[in-house]
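Report on the following structure.
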Amino acid sequence: MSDTATPAFSLLEQRAIRKITWRLIPFLMLLYFVAFLDRINIGFAALTMNKDVGLTPQAFGLGAGIFFLGYFLFEVPSTVILHHVGARFWIGRVMITWGLVSVAMAFTRGPISFCILRFLLGLAEAGFFPGIILYLSYWFPANHRSAVTALFMTAAPIAGFIGSPISGALMQLDGVLGLRGWQWLFLLEGIPALVLAFVTFRFLTDRPANAAWLSVDERDWLSSVIQQEQTVIKDSHSHSAWRALANWKVLALSLAYFGTSTGLYTIGFWAPLMIKGLGFSLFHVGLLIAIPNLIAIVGMVLWSRNSDRTGERYWHAALACLIGAIGMAVAARAGSSAFLAIAGLSLTAFGVSAAKPPLWCLPTTFFVGTAAAASIGLINSLGTLGGFVGPYMIGSTNGPSGNFTRGLYLVGGTLVVSAVTTVLMRLVVNRQTNQIR
């Protein structure tokens, strides 16, 4: 049974959606590519940085995850500010601050400075991802939203697919101009955010009404459809930011999103160290880590297109989470087998990536305006705390022999919780809908 109706596309709709997609999505993907690369490049830096600055596995896990504590603190206010001042200015401002901190990571001197800079990076980047999710709801009707959200979010696995070999190659610059390879990594991967910030100020359009690159009939059609979708949302919490934050649906979606974050960032932060532990060189680690990300890219797009075609969100998210959990179990049992390790990481990368777009289609079916901004910000801030918990669990359970098994099982367990939460939420929402009818 579908969750939303999927009407036939008119020629005007096809033309407008195609034009908006080509105008916005490639650029937003580029921005998220840079953002995600700056989040996870410590996974490659750790291959030599940890020894250079004296980071234990526990200290690295803490520092990798503490990013999300800073992210958590400013996520909701940053997303609400974006809703009021516009994406063009606010996204550009966010990129300047995170670019500066990313470059500063090259000057890490020990566990304390590592944790401080990671915390500041999270604080600087807060509001970027949920702000883009909110921004997409201004431009795309609900029956297109999962597919375009998936296209935007493929930038994360693309960052792993393309960025992993690049990061591995940059690590080879060790000793150039007296800098270590991991320092070059932070410097050269932090600068693009600063450059793209100024492009953002000129390129992004805040709202469809300001889009001179759309025809009048395209602007009118889009504004009418988005307005119609918002007016059918009757929940008393749907317009109030404070009431939305206390809504059980926000908390349920936060819990569902939590597991996907533990899985995603466990791969992003720890997979390079896991694969290197099997005896591969830095360059070959980069090539092997690209495999799960390639599978995630293709799988996310196809899975989300099916979600839009059927109009179903909950089961698409839940089943993907279960696939991710199975992948974690396979990786935990891999032992010295590189094939099983890559197979498990690939299943997890597909699962956590494919679950996210259907989940992100749900908040804007419950909330509009400032309430949507606040709810998306809170879901992301609470959910991405999984990015702290997952890497920290791996680090804290990683014994002297470098055994990742226990931590991988724990991360897989959070994905099972996400799947169960999503299914239960579907049952409750359907029951409430039937009661209203």
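The values are calculated or read from the model by the stated rules, or taken from the named source; none is laboratory data. As the structure is a computational prediction, the values presented were derived from the model and not from experiment. Neighbour counts are summed over all protein chains in view; Cβ atoms, including those assigned to glycine, are modelled from backbone coordinates with ideal geometry. Areas reflect the complete protein model, heavy atoms only, side chains present, ligands, DNA and RNA absent. Shrake-Rupley method; radii C 1.70, N 1.55, O 1.52, S 1.80 Å.
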Is there a residue being within 29 Å of residue 420 (Cβ to Cβ), modelled with pLDDT under 85 and open to solvent by 70 Å² or more (accessible area, probe 1.4 Å) anywhere in region 243-257?
yes
Residues of region 343-355 satisfying the condition of being crowded, with 23+ Cβ neighbours inside 10 Å and either of a type outside the set (A, V, I, L, M, F, W, C) or over 20 Å from residue 318 (Cβ atoms) (or both)
344, 345, 348, 351, 353
Filtering region 148-169 down to residues that are open to solvent by 30 Å² or more (accessible area, probe 1.4 Å) and either part of a loop (DSSP other than H, G, I, E, B) or among the aliphatic types (A, V, I, L, M) (or both) yields 151, 158, 162, 166, 169
For residues that are closer than 27 Å to residue 13 by Cβ and among the β-branched types (Val, Ile, Thr), scanning just region 112-141, find the one that is surrounded by the most Cβ atoms within 10 Å (Cβ to Cβ).
133
Anything in region 302-323 that is farther than 25 Å from residue 413 by Cα and open to solvent by 10 Å² or more (accessible area, probe 1.4 Å)? List them, or say none.
302, 305, 306, 308, 309, 310
Listed residues 46, 35; which is more than 19 Å from the chain's Cα centre (by Cα), open to solvent by less than 60 Å² (accessible area, probe 1.4 Å) and among the hydrophobic types (A, V, I, L, M, F, W, C)?
46
Go through (1) closer than 29 Å to residue 210 by Cα; (2) open to solvent by 50 Å² or more (accessible area, probe 1.4 Å); (3) at pLDDT below 85 for residue 75 and report which single condition fails.
(2)
Failed item, numbered, when residue 205 is tested on (1) part of a helix (DSSP H, G or I); (2) more than 20 Å from the chain's Cα centre (by Cα)
(1)
Over region 199-242, the set of residues modelled with pLDDT of 90 or more, within 26 Å of residue 81 (Cβ to Cβ), among the hydroxyl-bearing types (Ser, Thr, Tyr) and exposed (fewer than 15 other Cβ atoms within 10 Å of the Cβ) is none
